[in-house]
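Since every read-out is calculated from the coordinates, none of them should be taken as a lab result. From a predicted model like this one, the values you see are computed outputs, not experimental measurements. A quick note on method: Cβ atoms are made from the backbone with ideal geometry, for glycine too, and the neighbour counts reach across all protein chains shown.
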Amino acid sequence: MYRKSAKGWIKHFDFIILDAVALQLALLLAYYVRHWDLLEPESHFYNLNMYEVPIYRQSAVLLLLIDLALAALSRPYTNILRRTKWGEFWAMTRHASYTMLLFALALYVQKNPLETYYSRWVYLLTYLFFIVIGFGLRSFQKRHLHQRMSLSGSRSLLIVATESLVESAVRTVKCNNFAFTRILGACVVDRDLTGQEISGVKILAGGGDVFDYVLREWVDEVLLVFPKDYELNETGRWYVKKFADMGVVVHQTLMDGMELPGREQLFEHFCGYSVLTTSMKTVSGASVVIKRLLDIIGGLIGCLFALLFTCIFGPIIYLSSPGPIFFSQVRVGKGGKKFRIYKFRSMVLGAEKARSELLDQNRFDDGMMFKMEEDPRVIGSRILPDGTYRKGVGNFLRDHSIDEFPQFFNVLKGDMSLVGTRPPTVDEWEKYQLHHRARLSIKPGITGMWQVSGRSNITDFEEVVRLDTEYINNWTLGLDFRILLRTVRIVLSREGSM
């Protein structure tokens with residue numbers, strides 16, 4: 001899933017806040033500098049708290065509203081990370097000038113009877129201090145963001161180019177990496193240069209191996225930089241389609257676009273290029289923010305229940321099977337990024353090693369996932385002499401989904417979401433074919449479309465992939481709510497573990 005670029009006020013929210021803080025500090029400083037000699041107990045103007053003086057309290061609110069309006073309408077933060085120091089200084093001066101001119105106009109229009117107490121020196125000093133403080137805060141934040149650009153980002157990018165363009169592509173991306181992506185390396189499609197370095201970036205694969213590399217590594221996005229003859233023939237189109245089918249976000253340098261049925265496309269600027277971006281699903285920045293906010297709220301509530309269940313079931317787990325209360329395992333998340341998942345331990349120690357002896361009882365014939373009935377590794381379970389399977393405390397935890405509650409910590413960390421796809425184990429992931437990777441285009445979830453569609457009855461991995469792909473292509477916040485409600489209903493009715 002690809003998140004559509006957020007609107008300017010969302011993308012530059014930190015700079016908007018910094019300017020608002022700078023403006024209030026400028027007004028406060030101007031107030032104290034101008035009225036320092038009047039801040040005496042015997043003075044009729046005595047008041048250390050500027051916000052208790054009506055005209056200045058009104059001014060503070062009015063300045064804040066003007067500043068926010070300009071941020072929304074005049075777009076003062078466009079290309080802010082590309083500006084030089086002088087460019088930033090003049091941009092800050094221009095923004096401060098517009099703000100104070102509108103403020104002067106507002107003061108004139110309102111004709112406040114207390115305006116005799118408002119000093120013109122405060123007005124002038126606020127203007128000067130706003131430029132200095134605002135420039136300082138913007139410069140500090142830009143330096144912080146540029147440091148982030150040099151470190152690993154939250155999204156990983158692979159550059160795929162021809163030999164003639166790969167060096168210029170690497171340099172362009174490194175100089176314009178304002179999306180804070182983690183540059184994995186590059187792949188050259190028309191010559192095997194694997195292992196070499198170009199402008200400090202390693203060549204990771206050749207044209208024949210690029211898809212296998214993306215399948216097995218953490219890759220969120222791919223930038224295709226091809227010459228025009230590639231764009232106009234089937235070669236470039238083939239690369240776009242293959243990556244799109246894998247669920248990878250593809251940025252194709254804009255020379256000659258192509259339409260892909262069932263895929264969403266967006267024209268934008270990316271890392272110094274004008275590109276056509278192809279993805280499984282395009283969603284608004286606001287929807288992404290709301291989904292993450294719901295994850296945080298749900299994660300906090302879930303962690304409280306996990307703490308309660310730890311107090312209740314922790315001793316029971318330990319007494320039934322001495323050892324750790326929690327179980328952790330490396331799983332594969334969005335884009336192939338590995339993370340450690342947490343659960344209450346519902347199986348005996350060494351259960352993973354014993355799994356190889358039970359493969360013949362796996363309900364998934366293709367071995368892409370592992371699930372079996374009457375698992376003897378579950379804590380407290382045993383096979384009676386007559387062959388009957390007797391459940392134990394581990395089955396209770398699994399049947400009521402209590403073992404899943406520590407995963408809410410993964411949701412808080414951002415590795416998982418409340419609703420998504422099931423995160424595969426590393427050995428399952430290593431068996432994936434190209435089209436299976438589409439499941440990894442979003443964050444994995446505690447529950448999802450597959451889980452609420454009769455998980456116990458589905459034993460075909462291709463059906464799992466189809467359901468997950470259907471969820472990704474049709475994702476809305478409303479769909480998440482429906483899946484969550486259905487999950488709660490299934491758990492409460494004890495229809496099976498989630």
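What the table below lists for this structure:
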read-out	value
Equivalent ellipsoid, the range 392-491 (semi-axes from 5 times Cα gyration tensor eigenvalues, Å)	21, 17, 15
Amide H within-cut-off set for GLY445, under 5 Å, with H built and near neighbours excluded	SER417, GLY420, THR421, ARG422
√(5λ) per eigenvalue of the Cα gyration tensor, the range 270-331, largest first, Å	42, 17, 8
Relative contact order [Cα under 8 Å, 6+ residues apart], the range 298-356, whole percent	24
Cβ-Cβ FRET estimate between ASN474 and LEU28, R0 fixed at 56 Å, reported to 0.05	0.65
Ordering of 437-443, 236-242, 318-324, 130-136 by burial proxy (mean other Cβ atoms within 10 Å per residue, highest first)	437-443, 130-136, 236-242, 318-324
Listed peptides 86-95, 218-227, 24-33 by packing density, highest first (mean Cβ within 10 Å)	218-227, 24-33, 86-95
Packing-based ranking, highest mean first, of 339-352, 413-426 given that Cβ atoms within 10 Å are counted	413-426, 339-352
Computed label-point distance, nm, for sites ASP209 and VAL488 using a 7 Å Cα→Cβ extension	5.1
